[in-house]
Structures are given as structure tokens and as C-alpha cells.
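The values are calculated or read from the model by the stated rules, or taken from the named source; none is laboratory data. Small disclaimer: the values here were computed from a predicted structure and weren't measured. We place every Cβ from the backbone using ideal geometry, glycine too, and count neighbours over all the protein chains shown.
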């Protein structure tokens, strides 16, 4: 998973200009043509989001926006690649000027081993199946 | 940077090599030569980049280096027979070298060049095995060692296969182009067949201890997705991609705890990969929207989609599956398709209807030793309560299968039916 961070503009809800959109569109097209891009989404400003904080089981709802702008997630891609190095090389080709892009490897459910019981696994996948069906 | 640079350079190679080879092949008009030039550039990168650092635009660096080598090689005149031909090529390469920006030229043309490379690597003048090896090497960016490992054959076998394939292409003077007009459909079928073969070798391995090799499935899926990007106007490309995505979505569910195969209707559907299913269904929609009727791959994808949409086996739309097999049997007639159709009819309209169709296949010579015929027949007979006949069919099926696990299962069913 390739995680793109927020900045003042994304948090202010400013939509990217044509130039950025064009460059991003071209990059996405390149990813698709290379058979790399599986999925991706951009996220709206955190002012439209919320957090649920748990303290010793007690729940508090905190409405956005959140202040730590540069730590917030603004969007993500799911890429299908053979190695971490390939992900790094693809990110380097991205149309970015001033940001930090984070690369993380997605767990396959087999990676969890025995801690992920068949029942848990089933519940998880059922949830995913539902989520997919509702889209 | 030291030796740490190597994984990065290999990653760059995997990303850049297909379009590098494709771009070079357009200039030098010889896929084998283009690949050698690209390899030389890669070797130069391995030598220089650990010291100098990876250049800002590694693709352009590799292309530039390879083109300079092309000029050297052409000047030495080793490759081409006639002086005239040599001068012509030299001029073409020189023109390319004088082009102001490699990257710009690369971006504009590389889609077309890649498509030409696909059609050349899958040219009918080559054997199927050669097409598979060459496609993985030139378009998948796999090394000879990786291909050999995937197909469980010695490295020298694959190396020879690739050398011979390249020589055949040169000798047959196969033009580096996308076929046009009436030729296109047949040539496209040859390309799709290669991708499907690679996938199937991974999905139901014909050799070795493992009965699946998922890496090959992933390589085929990636090739299919690339193809869909290169030839988006071809419905069957999307049909094939849809089929592969949906089949790949079941990878995790197809193996039991000790590696044994788990059949479709027995699979834990919660383990199917919903992202791949969603992608498969989207690809199928694209194939349908392009119109012109569904081809064999899109029909098979539609059948796979019926299973993918059913959350539990009982939800399966068997009547639709039977109708789709009917369409497939008309488009690509085969006794195996007929047998599958009989299964679907049996599920949709009752075992008697299915059995009637299966019995028509009993005289089919190509199914004489196919264990699934008596296995399917036994299943239908059992459902009709004709237990003794069912037991005999399961025994017969057990005697025909090569797979130990499957034989055990069939003998168990025979014993259960005989009770």
C-alpha cells in the first residue's frame, strides 16, 4: 500500500489544479498499463471525518478536523508488485514535489499464522465481502 | 551505495526492460538483437550505478546506452548482410540518437512498441513453449533462471529455447508490427492463449509436487492486465483478464491445510479475494460493453462470475451457467465443455436431465480415459438412488485418475454408494 499524506491544501479542501490532475492521471495510466495498479482512493479533508477514542474502554467521539496535518492520510494506492524495491522505484516516478510517500506491505491473511483462527478469518472475509457488495 | 544498489537496479530492470526492448526492437527491427542490446545496457548499469548512483531518469539512461551500442554494432557490420541494409539501419538509429529527448520519444511510442513486441513474441512461427518462454522473458521481465524455476526445467533448456526462438524470428524475418485487418483476430488469439497457458501452468501445475505455483498465476495476471491497457478496444482481452482475476480470487481457498486440492463447491468462500472478484467483474463488464457478443474467454469469465456472485453454493445460478456453457459449446465445441454443461444442467434441472446429456458423451473417444466422465456420471446416478451403478462408476473413475488424493476420494465415494 502506498500512502499519500495530507498537506495544508488537502486539509483546506482545495482540489488539485489541472496541472497536478493531468500529471497524476498520466502516472495512474502508466501504473495501469504496467499491470501494477489494483486500487486507489483519495480522501476528503479530515474536517469531514471523525475519530473514536478508547480510554480504558470508555468511548469518546472527536470530530475533525485534526491538527497534525502532515501525519494524516490523504489517499492510498494498492499496487501489485514483486518486491519492496519495485515499489520504491515506482514511487520515484510519481509526480510529487514536496511530500513524503509511505510504502507499506499489506498482510495476506496467511501471514498471521495460528493467531488468526478460521472463525476470525471467516468473520473478517465476510465483512469484506459485504463491504465489496455494497459498493 | 555498494552492493545495496543491486536489488534497486534489478527492480528498475523489471520495470524498464519491456519497453526498453520494445523501443529498441522498433529501431533495429530484430527482437533478439534488441534484447541483447538491452542486456548490455543493464550490465553497464550494474557496473556503473553502484559507483555513480542511480541516474535521475534510469529508463532514459538505459535507452541511451543501448542505442549507442546499437550504433557501434551496426558500424562493425556484424549483423547485416548487405552494406545497403546496414547503412539504412545506421541512419535510423542515428536519427533516434539525435532526437532531443529520449523520454518523450519513449512515452509516446512505447505503448505501440510494446504491443508489437507482444505480437512478435507470440508469433505463430514459434512453438507454444517458445512463445511462453519468450513472453515471460521479454514482457514479464523474468530472468531465464526464474522461468526455468517456474517450469521446473533446467536453466539450459530455457536458455536454449529463448536463443532458438530469437533466431527463428530473425530467420523468418517476422516483421515487428501489430497485425492488421483479418489477420488480427487469429494473432490476438495466439497472444491470449500464451497468457492463459502461463496462468494455467500456475493454477493446476502439470509437473512437480505442488499442484499450484501462484507466482506464475501472478505473472500471467500481470501480463493480462498489461495487455488490457495496450489493447483496450479488444473485448476478449478483457474477457481473459476477467477470467484470470476471478480464478485467482480463489487461490487461497483451493488448497486445504495439508496442500490438498479443494473443489469449487467445497471451498470456504469467505477466503475468496473480494478485491480480485470486483476487478474481474469490472473487466467482464468492459468486455460486455464493447459489444460484438462474448468470446470464449468472456463466456468462461461469465461462468466464473456466476460462482463468484454466489455467497453460498446454494445461491449459484445453475440455469444461467448451463446457458453459458451452451453458448460456449457452440463457439468452441469440446467434449469437456459438454461434460461441464451436463453438470450444470444436472444442478439446474435435476440429475435425470444431467444424466441424459452425460450418457450421450459415453461414446466420445477423447473422453474414454477422462476420469471426470465416470466421476460426474457416478455423482448423478447416486443422486438418482442408483447406488450400485454409481459405485461402479466411482471405481472406474478412481482407476483412471493419476492423482493420489483424488483416487482416495473417489474410492471413498464408491464405498459409500455401495452401502
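Annotations for the structure displayed:
- Residues satisfying the stated conditions in region B:220-235, i.e. crowded, with 23+ Cβ neighbours inside 10 Å and either more than 9 Å from chain A (Cβ to nearest Cβ) or in contact with a strand residue (DSSP E or B) (Cβ under 7 Å, 6 or more places away or on another chain) (or both): B:220
- Filter pass, residue B:164 being touching a helix residue (DSSP H, G or I) at 6+ places or on another chain (Cβ under 8 Å), surrounded by fewer than 22 Cβ atoms within 10 Å (Cβ to Cβ), closer than 28 Å to residue B:180 by Cα and at pLDDT 95 or above: yes
- Of all residues making up region B:275-288, the number that are more than 14 Å from chain A (Cβ to nearest Cβ) and either in contact with a strand residue (DSSP E or B) (Cβ under 8 Å, 6 or more places away or on another chain) or surrounded by fewer than 23 Cβ atoms within 10 Å (Cβ to Cβ) (or both): 1
- Here the condition is being surrounded by fewer than 12 Cβ atoms within 10 Å (Cβ to Cβ), closer than 24 Å to residue A:25 by Cβ and at pLDDT 90 or above; of A:89, A:100, it holds for A:100 alone.
- Test: residue in region A:2-11 that is in contact (Cβ under 8 Å) with a residue 12 or more places away in the chain, loosely packed, with under 15 Cβ neighbours inside 10 Å and either closer than 27 Å to residue B:279 by Cβ or away from every other protein chain (no Cβ under 14 Å) (or both): yes
- Within region B:248-274, the set of residues being assigned to a loop (DSSP other than H, G, I, E, B) and either within 13 Å of chain A (Cβ to nearest Cβ) or out of contact with any helix residue (DSSP H, G or I) (no Cβ under 7 Å at 6 or more places or on another chain) (or both) comprises B:249, B:250, B:256, B:257, B:258, B:259, B:263, B:267, B:268, B:272, B:273.
- Residue check, residue A:19 within 14 Å of chain B (Cβ to nearest Cβ) and in a helix (DSSP H, G or I): no
- If the condition is being modelled with pLDDT under 65 and not in a helix (DSSP H, G or I), then region B:82-140 contributes B:82, B:99, B:100, B:101.
- Which listed residue is assigned to a helix (DSSP H, G or I), touching a helix residue (DSSP H, G or I) at 6+ places or on another chain (Cβ under 9 Å) and in contact (Cβ under 8 Å) with a residue 12 or more places away in the chain, from A:31, A:38, A:78: A:31
- Checklist (1) more than 10 Å from every other protein chain (Cβ to nearest Cβ); (2) buried (at least 16 other Cβ atoms within 10 Å of the Cβ); (3) under 23 Å from residue A:31 (Cα atoms) applied to residue B:55, failing item: (2)
- Within region B:6-28, tally of residues that are more than 26 Å from the chain's Cα centre (by Cα) and more than 10 Å from chain A (Cβ to nearest Cβ): 2
- Residues of region A:26-56 that turn out to be more than 23 Å from residue B:140 (Cβ to Cβ), in contact with a strand residue (DSSP E or B) (Cβ under 7 Å, 6 or more places away or on another chain) and within 9 Å of chain B (Cβ to nearest Cβ), as a count: 0
- The residues listed here are A:107, A:112; of these, the one that is away from chain B (no Cβ under 11 Å), under 19 Å from the mean Cα position of the chain (by Cα), modelled with pLDDT under 90 and over 20 Å from residue A:6 (Cα atoms) is A:107.
- When the test is whether a residue is within 13 Å of chain B (Cβ to nearest Cβ) and not in a strand (DSSP E or B), residue A:98 does not pass it.
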